[in-house]
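As structure tokens, the structure follows; a few thoughts come after it.
Where a number appears in this text, it was derived from the coordinates with a stated rule and is not lab data. Here the structure is a predicted model, which means the values were calculated and not measured. All Cβ positions, even for glycine, are placed from backbone atoms using ideal geometry, and neighbour counts span all protein chains on display.
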Ligand code: FES
């Protein structure tokens, strides 16, 4: 079965070490750029009602704005309490300056 890639944003709209929140097919997505590469996480902290796209990016992690738990941007793995569950990470690619992801 072929993967379906969906257009999410202009790659130029995602700044290095910052986040961009988008909604794709009703799914909230947080887009990040690290070392020139773009990553996509489900835009919901697994610990509570907070958007990871509103978090602070540092050392490859995003810090939840509510209780400061850390999530690895590349993998979605939890890196610091109170976050203990992983965040879904979506495959990404850039085509003609547009970020595409698989939901
Ligand atoms: S809501 Fe994100 S760490 Fe608590």
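From largest to smallest, the equivalent ellipsoid semi-axes obtained for the chain from the alpha-carbon gyration tensor read 22, 14, 11 Å. Taking every DSSP bridge with both residues inside the chain, close to 95 percent are antiparallel. Taking 71, 27, 62 in turn, the Gaussian network model of the chain (Cα-Cα springs below 10 Å) assigns the largest fluctuation to 27.
If R0 is taken as 22 Å, the Cβ-Cβ distance between residue 23 and residue 68 corresponds to a FRET efficiency of 0.30. Taking 22, 87, 57 in turn, the Gaussian network model of the chain (Cα-Cα springs below 10 Å) assigns the largest fluctuation to 22.
Computing FRET efficiency as 1/(1 + (r/R0)^6) for residue 13 and residue 56, where r is the C-beta to C-beta distance and R0 is 22 Å, gives about 0.70.
Of 60, 21, 48, the residue with the greatest mean-square motion in the GNM of the chain, using alpha carbon springs below 10 Å, is 48.
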